[in-house]
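**Student:** Below you'll find the structure I mean.
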Amino acid sequence: MIPPQDDRPVAPLLTARGIAKTYAVRKSSPVTVLRGIDVDVLPGEMVSIVGPSGSGKSTLLYCLAGLERADIGEIALGGTRIDSLSQSRLAKLRRDRLGFVFQSYNLIPSLNAGENVALPARLARHRAPDVEGALAAVGLTGHAGKRPGELSGGQQQRVAIARVLAARPDLVFADEPTGALDTTTGAQVLDLLRAHAADGRGVVVVTHDLDAAARADRTLVLRDGAVVTELVSPTAAGILDVLHATTSGAAA
Ligand code: ADP
Ligand code: MG
């Protein structure tokens with residue numbers, strides 16, 4: 001008998017197992033930043049990562065997105081192992097299938113907002129992106145002709161989000177994507193990321209904003225480079241409880 005479709009296992013968009021990383025800034029005192037982390041992202045899922053400053057959130061995101069190499073562990077994106085991929089193949093896979101919202105935005109200063117938004121889709125030879133639509137979605141109608149230097153920090157952050165979403169990548173990684181935004185705009189951006197995931201894609205978002213984190217399907221709470229708790233259908237209060245319980249009073 002053919003099983004009903006709902007019972008079929010769903011292939012994850014991202015699978016990471018045993019991710020570990022140590023920085024040997026000085027040989028005498030290497031810093032272990034990630035200590036064996038497992039992450040899965042299923043199609044349609046938004047996963048948030050929270051934890052105290054220095055707990056390894058950004059490093060984990062960089063490793064999952066193939067921007068940094070983990071020392072140990074396996075990472076597969078859509079069934080392709082990226083930990084053993086050559087630099088050039090990894091760059092192509094990132095260009096075609098992944099989007100990254102950097103905490104520092106990383107816009108190209110010589111290009112205007114519209115050109116910045118259009119660039120990833122052009123490089124990936126995707127069909128022409130709806131630049132005006134992407135800018136409108138983040139509340140930047142009429143700003144396409146402005147260069148990053150003519151925009152506020154919050155506006156630059158929204159251009160960076162429009163740039164990633166316009167290319168419609170399978171997986172979006174976002175490091176503190178609401179850090180420069182007011183509460184209302186931040187909530188709108190999270191809704192956009194949510195909607196992006198809902199369409200069978202995946203989103204992994206690092207944030208210290210607990211309301212933002214609670215908009216995800218699952219939240220991973222990191223401490224000292226390890227996942228201490230995973231919350232399903234999280235609430236801001238629930239995340240705060242875990243942070244308090246695991247950080248002995250340290251700021252989130
Ligand atoms: P978070 O994003 O949670 O604040 P990070 O991943 O940025 O944490 O950093 C975790 C730890 O790793 C910190 O102690 C930081 O100093 C260290 N670290 C991060 N990047 C590097 C690097 N390139 N070289 C050395 N140490 C690093
Ligand atoms: Mg960080």
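The values are calculated or read from the model by the stated rules, or taken from the named source; none is laboratory data. Computed from a prediction, not measured in an experiment: that's the story for all the values here. Quick reminder, even Gly has a Cβ in these numbers, built from the backbone with ideal geometry, and neighbours come from all protein chains shown. Remember, those area values only see protein heavy atoms, side chains included, never the ligands or the DNA or RNA. Shrake-Rupley method; radii C 1.70, N 1.55, O 1.52, S 1.80 Å.
**Student:** Taking the simple approach of a point 7 Å from Cα along Cα-to-Cβ for both residue 24 and residue 237, what is their distance in nm?
**Tutor:** Each label point is offset 7 Å from its Cα along the Cβ direction, giving 4.9 nm.
**Student:** Given bins 5 angstrom wide, list per bin the percent of all Cα-Cα distances in the chain, short to long.
**Tutor:** Histogram of Cα-Cα distances, whole percents per bin: 1, 6, 13, 17, 18, 17, 13, 9, 4, 1, 0, 0, 0.
**Student:** What accessible area per residue comes out for the chain, rounded to a whole number of Å², with a 1.4 Å probe?
**Tutor:** 48 Å²
**Student:** Here is a follow-up. What distance in nm separates the simple spin-label points at residue 40 and residue 68, each placed 7 Å from Cα in the Cβ direction?
**Tutor:** 2.6 nm
**Student:** Alpha carbons only, please: Rg and Dmax for the range 143-215, in angstrom.
**Tutor:** For the range 143-215, the Cα-based Rg and Dmax read 12.2, 36 Å.
**Student:** When the dipole is taken about the Cα centre of the chain, and only Lys, Arg (+1) and Asp, Glu (-1) are charged at their Cβ, what size is it in debye, to the nearest 20?
**Tutor:** Once rounded to the nearest 20, the dipole reads 1000 debye.
**Student:** I would also like to ask the following. What do you get for Rg/Rh of the range 168-252 when both radii come from the Cα atoms and Rh is the Kirkwood radius?
**Tutor:** 0.97
**Student:** Still on this structure, I have one more. What full-extension length gain, to one decimal in nm, is calculated for residue 31 and residue 136 as 0.36 nm per residue of separation minus the Cα-Cα distance?
**Tutor:** Gain in length upon complete extension: 33.5 nm.
**Student:** Students sometimes get this wrong: rank 126, 196 by accessible area, probe 1.4 Å, all chains present, largest first.
**Tutor:** Accessible-area ranking of 126, 196, largest first: 126, 196.
**Student:** Tell me the label-point distance for the pair residue 81, residue 187, using the 7 Å Cα-to-Cβ offset, in nm and rounded to one decimal.
**Tutor:** Distance between label points: 4.6 nm.
**Student:** How long is the gain from residue 111 to residue 127 if the chain were fully straight, where each residue apart is worth 0.36 nm and the alpha carbon distance is subtracted?
**Tutor:** 3.8 nm
**Student:** May I pose another question? Quick check: net charge around residue 89, other residues with Cβ under 15 Å of its Cβ, Lys/Arg +1 and Asp/Glu -1?
**Tutor:** Residues close to residue 89 contribute a combined charge of +4.
**Student:** Hey, another quick one. Per the Kirkwood treatment, what hydrodynamic radius in Å, one decimal, follows for the range 82-128 from the mean inverse distance over all distinct Cα pairs?
**Tutor:** 12.1 Å
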